[in-house]
Amino acid sequence: MDDRSWIFIEDRVNNPYFEKCLSDFLKFAYKKKEVGSRIYCPCRRCKNSERRKEETVRAHVTMKGFLTTYTIWIYHGEDPWDFNQENMNNGVFRRIENDDMNELIHETLGRTLEENSNINLEELRGACDEETNKFFKLLKHAETELYPGCKNFTLLSFVIKLLHVKSLCRWSNNSMTILLELLKEVFPENELFPSSYRDAWKIVKDLGLSYHKIHACPNDCLIYWKETEHETFCRKCGTPRYKQIVKQSDDSSEQANKVPAKLVRYFPLKPRLQRLFMSSKTASLMRWHEEERIKDGKLRHPADSLAWKHFNDRHPSFASDPRNVRVRLAADGFNPFKAMNNKYSTWPVILVPYNLPSWVCMKQTSFMLCLLIDGPKAPGNDIHVYLQPVIDELNEFWDPGVPTYDAACKQMFYLRAALLWTINDFPAYGNLSGWSTKGKYACPCCNKDVRSQWLMHSKKHCYLGHRRFLAIDHPYRLNRAQFDGTIEKHSRPVRLYGFEILEQLRDFRNEFGKDQPVSSARKRKRRTKDNNDFEQSPICRYNWKRLNVFFQLPYWVDNLLPHNLDIMHIEKNFLENLLWTLLGMGKTNDDINARYDLKEMGIRKALHPQSKGDKVFLPPACFTMSKDEKEIFCNVLKTVKVPDES
């Protein structure tokens, strides 16, 4: 079972080679199992989450395919240490006795400084002096024997594997410390052996990537960054930077006991992008979008999109080097404690490099967490305050770039990076773009040309005028009965570009922070209702909640599609509303208030509510199901397994 390239085969039915390899896998999985027992199913649907019998596993894997990311069969009796990383990437596995820690260090922090004479060592040292120190420190731990005469483990390899076991088995930090204290007594000769979890983490932390803790105002007014780094009170609201706690009498304890009122974790982008080029395996993939992508006009990768091509046309110097990185930004909030009633919110901000192949860039291993905002309140429209460090670093990457070593080409070059767009759900779209996605003018694409109507009975806005996007001679434009009772004569809304948005926001001043007093000018803007006076009145600027921080990027005004919607949320919400409406239960949109709104608008008279004595009767719609049809429909839905969001 050394050769595992068969798990990637797509033509599986009636394939003798695939059937033989699958049989060998099942024999391996049942080596220590009883006949007829159940094992985890490694198909692409079950994903090792459900136990099934041998015949079912064989059928699932044949029809749905083997889970391609499941390359180490730990759920079927394989030792997770018995594989070679280099051969794993080629689809070939073999048992090894010793781990090559030097190779791990070279692929992580670069390479041995004396390996190739064609590299300017002084240039490498000057550009990555801190990284070089980490390099030699890790080499020292990689060459230290665990105990005198030990050939299978070094100090570094043992600590790495021990921390891996801790992660797999979910040990607590305290239990890890107790184990290390015991092992310290077992290996008294090794003075470098860690005596606590904290000491063990210090040994391997240079293999990972660090982060910075930035203090912030609990009202989201500002972060203590650069010119405000040493201030102790918020400039805007006057809130103290630190919590009020009991302090010790001596000065050192007083300084140590200061706890920030709010803390933001910032993960620098520079070492993470540089790390992609320090590995010979990923450095070549960073040029895939230009050198290996199929260019036949079909949309397979973001590089095939009009926005990507438009960006290349506007910035030819950036596009000239395929190693320059294009990234996208995504942000959304979630509750980390799986309890929606808890008043706590966590907002991760993630960057994804698009240079990689499409089957690699959307994997979890390619995601770069650059910001983690947590606290009792969501940042909302004030998220731009926390994005400032990310914008500053992206500006540094734009011109002239960051010196980076390319392991594939074996040379130093100036790495540049650009943010192409953001992807969010609709509420987060409003937070990042600055345009309010609520109320009368909720559509950011239509902007001032939004066609909306307030539904008196449903107590919400509905957005009409979709027929404007059809061709001018489309028959639906003249269809009154099946729409809102009018003939559509208007043309589609004009697309707004970056410079036009900046013109709308001319002299706009951001007011960050919660509980900010509303000025009298904004109160007057709220009272403005006439859509015809949109350009003359301040309502246009009022619907802009913020001048978003992305306009600080010199190329953002040229982006063709700066903000995108996450289709997963749209599909989920649309499907839920459609199913509940068809079933006439739950969150149905066909309720009595909707029928009264139809009556108010004077359309669909056959669906208007009818009074019969003291009761109100709702005539059935064309999609209304009978009781038997609903039962059949529900039984069909139970047989459909909805895939998870990952």
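No value in this document is a laboratory result; all are computed from the given coordinates. Keep in mind the model is a prediction, meaning the values are calculated, not measured. Every residue, glycine among them, receives a Cβ derived from its backbone with ideal geometry; neighbour counts consider all protein chains shown.
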ask   = Could you give me the ³J(HN,Hα) list for the stretch 168-174, computed from phi with Karplus coefficients 6.51, -1.76, 1.60 and θ = phi - 60°, whole Hz, x at Gly and Pro?
value = 5, 8, 6, 6, 7, 4, 5
task = Hey, can you grab everything whose amide H is under 5 Å from the amide H of Thr239? Only 5+ residues off in sequence or another chain; H modelled, so Pro and N-termini drop out.
result = Cys234
Residue-by-residue Karplus 3J(HN,Hα) for the stretch 33-45, coefficients 6.51, -1.76, 1.60, Hz, glycine and proline x = 10, 7, 5, x, 6, 9, 10, 5, 8, x, 6, 6, 9
key: Length added when fully stretched, Gln552-Cys237, from 0.36 nm per residue minus Cα-Cα   = 110.9 nm
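Around Leu351, under 11 Å between beta carbons, what's the net of Lys plus Arg minus Asp minus Glu among the other residues? The partial results should precede the final answer.
Numbers: positive: Arg272, Arg326, Arg328; negative: Glu393.
Combined, the nearby Lys, Arg, Asp and Glu give +2.
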message = For a quick check: with amide H placed at 1.01 Å from N, whose amide H comes under 5 Å from Leu415's, ignoring anything fewer than 5 positions away on the same chain?
response = Val402, Thr404
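Using packing as a proxy for protection, rank 576-582, 489-495 so that the peptide with the highest average count of other Cβ atoms within 10 Å comes first. Show your work: numbers first, answer last.
Values: 576-582: 15.0, 489-495: 12.0.
The peptides rank, most packed first, as 576-582, 489-495.
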task = Quick one: net charge around Arg265, please, counting Lys, Arg +1 and Asp, Glu -1 for every other residue with C-beta under 10 Å from its C-beta.
result = 0
note = Whole-Hz Karplus couplings 3J(HN,Hα) for the stretch 355-372, θ = phi - 60° and coefficients 6.51, -1.76, 1.60, Gly and Pro as x, run 5, 6, x, 4, 7, 10, 5, 9, 7, 4, 5, 8, 6, 10, 6, 10, 7, 10
ask   = Hey, can you rank 624-633, 385-394 by average C-beta count inside 10 Å, highest first?
value = 385-394, 624-633
request  = Please find the FRET efficiency linking Asn312 to Ser280, where r is the Cβ-Cβ separation and R0 is fixed at 30 Å, and quote it to the nearest 0.05.
outcome  = 0.65
task = Mind putting together the pair-distance distribution for the stretch 443-502? All Cα pairs, 10 Å bins, whole percent per bin, short to long.
result = 19, 42, 29, 9, 0
key: Under 13 Å, Cβ to Cβ, from Ile294 - net charge with Lys/Arg +1 and Asp/Glu -1   = -1
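Give the average over all directions of the projected area of the C-alpha convex hull of the stretch 398-458, one decimal, in nm². Walk me through the intermediate numbers first.
Numbers: hull surface 28.5 nm².
Seen from a random direction, the Cα hull of the stretch 398-458 projects 7.1 nm² on average.
Can you order the peptides 374-380, 28-34, 171-177 by their average number of other Cβ atoms within 10 Å per residue, highest first? Spell out each step's value before the answer.
Numbers: 374-380: 16.9, 28-34: 12.3, 171-177: 14.3.
Packing order, densest peptide first, comes out as 374-380, 171-177, 28-34.
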inquiry  = At 7 Å along Cα-to-Cβ for each site, give me the label-to-label distance between Ile74 and Phe334 in nm.
reply    = 2.0 nm
Distance in nm between pseudo-label sites at Lys31 and Met625 (7 Å out along the Cβ direction from Cα) = 5.0 nm
ask   = Check Gly375: other-chain or 5+ apart residues with amide H under 5 Å from its amide H, H built from backbone geometry?
value = Ser345
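Within the stretch 146-180, list the trypsin sites (Lys or Arg not before Pro) lying in a DSSP loop whose Cβ has at most 16 other Cβ atoms in a 10 Å radius.
Working: sites: Lys151, Lys161, Lys166, Arg170; in loops: Lys151, Arg170.
Answer in residue order: Lys151, Arg170.
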